[in-house]
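Enquirer: Below you'll find the structure I mean.
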Amino acid sequence: MLSALFRSRWPIAALLALLHRRSSTATSTEATIDHGFDFSGEVLRLPDGVTFVVVQRSDSIFSWVRPVARALRREQLYMMLPWPADVPSFDEIREDSLMLLSRFAMTDYPAPSNDRGTWKTLCLVCKDGTQDPTTANASSFQKTPILALAPRLERLVEHFGSTGRVRLSVLAPGGLIRWHPDDGLVENSRLILHLPIQASSKALSRIGNLLLHMAPGAIHWADFSFPHTAFNGDHS
């Protein structure tokens, strides 16, 4: 059964349950799942007690996993960063974000990686200050008018100085962002940060050779120039 699941679009349900059982007993343990494929690796629970990372060594389906695992340490692909001390609290940022999401319609992110339209965004800083979330033919990235309605969230955005896109993103229950790399990160020296506002424990991402749950309350950096995917396994 697990072998069949791993060959589906995002074989998550059984894997998630197994990883939670194994990772809840120790901060670092060995998880080996042998059902016709190799998904052996180390399960790390990070200091917040919620975020966990599985460092995968090889994968018979995704060929890039083995060379990435051999070449890079986990810290070169993903790091959890502390919440800045001189910005509004996480609870205040969450309150502003949820207010905007309740008041304004989101748009489907226009990309082949957006499976069944389950990934939607609301622009805070985007191309020419519009609700266009893409980077194609962008002359500049400007604040959108709705950001002014959330002053605490605006302070957080300003904390990072001049930025590219800043968006609120929602991945619907059962939603999938298919495997893809992000363009221009290396060429343009871009960094992408994720600040989860709400996240089910069944919401997972895979980046290179890592499988991880990025918990709310922290800032998460990853090198999204590597192939990555995300799945919201919570169907409630």
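The values are calculated or read from the model by the stated rules, or taken from the named source; none is laboratory data. Bear in mind the structure is a predicted one, so any value in this text is a computation, not a measurement. Here Cβ is always computed from backbone atoms with ideal geometry, including for glycine, and neighbour counts include all displayed protein chains. Just so you know, the surface numbers come from the protein's heavy atoms only, side chains and all, with ligands and any DNA or RNA stripped out. Shrake-Rupley method; radii C 1.70, N 1.55, O 1.52, S 1.80 Å.
Enquirer: With respect to I207, determine if the residue is more than 16 Å from D115 (Cα to Cα), in contact (Cβ under 8 Å) with a residue 40 or more places away in the chain, in contact with a Phe, Trp or Tyr (Cβ under 7 Å, 6 or more places away or on another chain) and of a type in the set (V, I, T).
Expert: It is true that I207 is more than 16 Å from D115 (Cα to Cα), in contact (Cβ under 8 Å) with a residue 40 or more places away in the chain, in contact with a Phe, Trp or Tyr (Cβ under 7 Å, 6 or more places away or on another chain) and of a type in the set (V, I, T).
Enquirer: Does E92 satisfy the criteria of being open to solvent by less than 60 Å² (accessible area, probe 1.4 Å) and in a helix (DSSP H, G or I)?
Expert: Spelling it out, it is not the case that E92 is open to solvent by less than 60 Å² (accessible area, probe 1.4 Å) and in a helix (DSSP H, G or I).
Enquirer: If you check L101, L5, which single one turns out to be modelled with pLDDT of 90 or more and open to solvent by 30 Å² or more (accessible area, probe 1.4 Å)?
Expert: Answer to the check: L101.
Enquirer: Regarding S225, is this residue hydroxyl-bearing (S, T, Y) and over 28 Å from D48 (Cα atoms)?
Expert: no
Enquirer: On the basis of being farther than 21 Å from L191 by Cα and more than 22 Å from the chain's Cα centre (by Cα), does A85 make the cut?
Expert: no
Enquirer: Could you check the stretch 188-236 for strands (runs of 3 or more DSSP E) lying wholly inside it with 2 or more residues that are touching a helix residue (DSSP H, G or I) at 6+ places or on another chain (Cβ under 8 Å)?
Expert: 210-213
Enquirer: Out of the residues in the stretch 147-170 that are among the charged types (D, E, K, R) and over 27 Å from F231 (Cβ atoms), which is surrounded by the fewest Cβ atoms within 10 Å (Cβ to Cβ)?
Expert: E158
Enquirer: Going by what's in this entry, would V170 be described as under 16 Å from the mean Cα position of the chain (by Cα) and β-branched (V, I, T)?
Expert: So V170 passes the test.
Enquirer: Next up: Considering only the stretch 128-143, state which residues are in contact with a Pro (Cβ under 9 Å, 6 or more places away or on another chain) and over 12 Å from Y109 (Cβ atoms).
Expert: Once the filter is applied, which keeps residues that are in contact with a Pro (Cβ under 9 Å, 6 or more places away or on another chain) and over 12 Å from Y109 (Cβ atoms), the stretch 128-143 yields only G129.
Enquirer: Would you mention how many residues in the stretch 96-145 are among the aliphatic types (A, V, I, L, M) and part of a strand (DSSP E or B)?
Expert: Of the residues in that region, 3 qualify.
Enquirer: Suppose the filter is touching a residue at least 40 places away in the same chain (Cβ under 8 Å), touching a helix residue (DSSP H, G or I) at 6+ places or on another chain (Cβ under 7 Å) and not aliphatic (A, V, I, L, M); does R155 pass it?
Expert: No, not satisfied.
Enquirer: Separate question: Could you grab me the full set of residues in the stretch 146-175 that are touching a Lys or Arg at 6+ places or on another chain (Cβ under 7 Å) and part of a loop (DSSP other than H, G, I, E, B)?
Expert: Once the filter is applied, which keeps residues that are touching a Lys or Arg at 6+ places or on another chain (Cβ under 7 Å) and part of a loop (DSSP other than H, G, I, E, B), the stretch 146-175 yields only G164.
Enquirer: Do you know which residues across the stretch 171-214 are closer than 17 Å to G233 by Cα and open to solvent by 70 Å² or more (accessible area, probe 1.4 Å)?
Expert: Of everything in the stretch 171-214, those that are closer than 17 Å to G233 by Cα and open to solvent by 70 Å² or more (accessible area, probe 1.4 Å) turn out to be P173, R178, Q198, K202.
Enquirer: Okay, moving on. Working carefully through the options A218, A222, find the one that is over 21 Å from S89 (Cα atoms), in contact (Cβ under 8 Å) with a residue 60 or more places away in the chain and surrounded by 19 or more Cβ atoms within 10 Å (Cβ to Cβ).
Expert: A222
Enquirer: Same structure, new question: Check D108 against each of (1) under 26 Å from D183 (Cα atoms); (2) exposed (fewer than 14 other Cβ atoms within 10 Å of the Cβ); (3) modelled with pLDDT under 95; (4) not small (G, A, S) and name the one condition it does not meet.
Expert: Tallying (1) under 26 Å from D183 (Cα atoms); (2) exposed (fewer than 14 other Cβ atoms within 10 Å of the Cβ); (3) modelled with pLDDT under 95; (4) not small (G, A, S), D108 fails exactly one: (3).
Enquirer: Now, a different point. Residues in the stretch 65-83: is at least one open to solvent by 30 Å² or more (accessible area, probe 1.4 Å), over 20 Å from R206 (Cα atoms) and in a loop (DSSP other than H, G, I, E, B)?
Expert: yes
Enquirer: Here's something else I'd like to know. Tell me, yes or no, whether the stretch 135-146 has at least one residue that is surrounded by fewer than 17 Cβ atoms within 10 Å (Cβ to Cβ), within 25 Å of G49 (Cβ to Cβ) and either at pLDDT 90 or above or more than 14 Å from the chain's Cα centre (by Cα) (or both).
Expert: No, the stretch 135-146 contains no residue that is surrounded by fewer than 17 Cβ atoms within 10 Å (Cβ to Cβ), within 25 Å of G49 (Cβ to Cβ) and either at pLDDT 90 or above or more than 14 Å from the chain's Cα centre (by Cα) (or both).
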